[in-house]
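Take a look at the structure set out below.
The values are calculated or read from the model by the stated rules, or taken from the named source; none is laboratory data. Because the structure is a prediction, the values reported are computed rather than measured. Neighbour counts are summed over all protein chains in view; Cβ atoms, including those assigned to glycine, are modelled from backbone coordinates with ideal geometry.
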There are 2 protein chains.
Amino acid sequence: METLVIVAHPQLEDSSTQQFLRQAAKPLEKVVWHPVPKTNELDIMAEQTSLRQADRIIFQFPLYWYSAPASLKIWEDAVLTRHFADQAVDGALVGKELGLVISLGTPERHYAAGQPENVSLSQLTVPFQALAHKLGMTFLPTLVVDQFGYQSETEKMQLLVRYQRYLTQESLGHFKDEEAWLLTRFQDYVATLPAEQQTQASLLLDQLTANQDQLAELQATIKMMQDTEDF
Amino acid sequence: METLVIVAHPQLEDSSTQQFLRQAAKPLEKVVWHPVPKTNELDIMAEQTSLRQADRIIFQFPLYWYSAPASLKIWEDAVLTRHFADQAVDGALVGKELGLVISLGTPERHYAAGQPENVSLSQLTVPFQALAHKLGMTFLPTLVVDQFGYQSETEKMQLLVRYQRYLTQESLGHFKDEEAWLLTRFQDYVATLPAEQQTQASLLLDQLTANQDQLAELQATIKMMQDTEDF
């Protein structure tokens, strides 16, 4: 699976959030990190070719006035030509996935009815959901990064894993795929260890793999119990 | 009441919809027609001064990818600085009105659940509603202009009146204000007639004015009946 991350941030180099995410994406194969080009450097054909090659397309941006920064809209209005986008003509993006990675300066919980912002991110991203619908794409759950500057080291490490999963894990949101994704990561890690540590790590890996089926079964049982529960 | 119409359209001169609306706005006093300046000509202070002077602010644009064209977002991101917009700091826009005039290439009825676009304009404009909320502004009902090119001459005349009312009528959506608005228009028109026709027109005007109270009463009665009706 190929992932294209289209990053729209007016001060990309100065954003610690974006630089952290860039480092997190760096080791990932099949992930292309693509800042939105300046308007006078925008090559529409090249952008369209990149989009065709991707299976998952991510719009990554800080929320400015309840939407993406203007640079992403410039890109949308220029690159998503009617011919390219129309399902009945080219339909270049049909069947692909569209995800949003949104960074916030305020806590995510502020985006809810009765909270200071009074609307949810699911409401604010309706134009992107409609875009995905129009292009024949599947809209992914949004990954929110709120108040990065206030996060602890542990939270940042958790964010790194969440972000890497968001860019590379097939079938986002399914427990079994999440497990499989983590095991693959762990296998890659074990392969980098010195020989004497590999043996022990491999045993651990085998155990984890064996546990996976059990975990999936447990998960299914819990889900069944939840479904029949009164609430 | 001063109204500022901020027009965002990439081909403003070539748009028959926008040129029609421009002509409709022309005779109106206290209405400023203001196309979004080019990025390199954007004078933030001048824009902010215009905003301060207005009581009603209109964003007028064709819907591009379920939002305004990029030029309006460039304007928003540049002009609505934190200092200017923040209610706790300057709060320059508190108490003013924000309205949208949106033109569509497809019928307005396509924007509904189950229809081709599957979302409503009320959903798509949530980012603007959130902006109004944040700035302490009142969000007005949106004026939609759909498929202008297919409209009959009568429909265009009705649109002209609807648009003029949208820009100048105080308390939009109240029947009594609508009547008052129409009578004022008619008075202005009578004043432009030759003397011999004025007499007759004035009689008609007096009759209409007298009818206004009756109409308002009738309207109130109908509303009361509707409120008590089963449905």
- Across the stretch B:79-91, what is the total count of residues that are more than 11 Å from A:Trp65 (Cβ to Cβ) and hydrophobic (A, V, I, L, M, F, W, C)? 3
- Out of the stretch A:51-84, which residues are buried (at least 22 other Cβ atoms within 10 Å of the Cβ), more than 10 Å from chain B (Cβ to nearest Cβ) and among the polar types (S, T, N, Q)? A:Gln60
- Any pair with Cβ under 8 angstrom, 6 or more apart, that starts in the stretch A:105-127 at a residue that is more than 7 Å from chain B (Cβ to nearest Cβ) and within 18 Å of A:Phe61 (Cβ to Cβ) and ends at one that is of a type outside the set (D, E, K, R) and assigned to a helix (DSSP H, G or I): A:Glu108/A:Leu121; A:Tyr111/A:Leu121; A:Tyr111/A:Leu124
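Among the residues of the stretch B:140-147, is there at least one that is under 15 Å from B:Gln23 (Cβ atoms) and more than 14 Å from chain A (Cβ to nearest Cβ)?
Yes, that holds for at least one residue.
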- Query: Quick check: is even one residue across the stretch B:137-146 among the polar types (S, T, N, Q), at pLDDT 95 or above and loosely packed, with under 15 Cβ neighbours inside 10 Å?
  - Reply: yes
- Counted residues in the stretch A:85-120 being crowded, with 19+ Cβ neighbours inside 10 Å, aliphatic (A, V, I, L, M) and under 19 Å from the mean Cα position of the chain (by Cα) come to 5
- Message: Name the single residue that is farthest from the other protein chains (Cβ to nearest Cβ) among those in the stretch B:26-50 being β-branched (Val, Ile, Thr) and surrounded by fewer than 18 Cβ atoms within 10 Å (Cβ to Cβ).
- Response: B:Val32
- Query: Within the stretch A:7-17, is there a residue that is surrounded by 15 or more Cβ atoms within 10 Å (Cβ to Cβ), closer than 15 Å to A:Val79 by Cα and β-branched (Val, Ile, Thr)?
  - Reply: yes
- Quickly run through the stretch B:175-217 and pick out the residues that are under 27 Å from the mean Cα position of the chain (by Cα) and among the aliphatic types (A, V, I, L, M). B:Ala180, B:Leu182, B:Leu183, B:Val190, B:Ala191, B:Leu205, B:Leu208, B:Leu215, B:Ala216
- Got at least one residue in the stretch A:137-144 being more than 15 Å from the chain's Cα centre (by Cα) and among the aliphatic types (A, V, I, L, M)? no
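Matching residues to (1) without any contact (Cβ under 8 Å) to a residue 60 or more places away in the chain; (2) among the aromatic types (Phe, Trp, Tyr); (3) touching a helix residue (DSSP H, G or I) at 6+ places or on another chain (Cβ under 7 Å):
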residue: A:Glu29; (1), (2), (3): yes, no, no
residue: A:Gln48; (1), (2), (3): yes, no, yes
residue: A:Pro62; (1), (2), (3): yes, no, no
residue: A:Leu72; (1), (2), (3): no, no, no
residue: A:Asp77; (1), (2), (3): yes, no, yes
residue: A:His83; (1), (2), (3): yes, no, no
residue: A:Asp90; (1), (2), (3): yes, no, yes
residue: A:Gly95; (1), (2), (3): yes, no, no
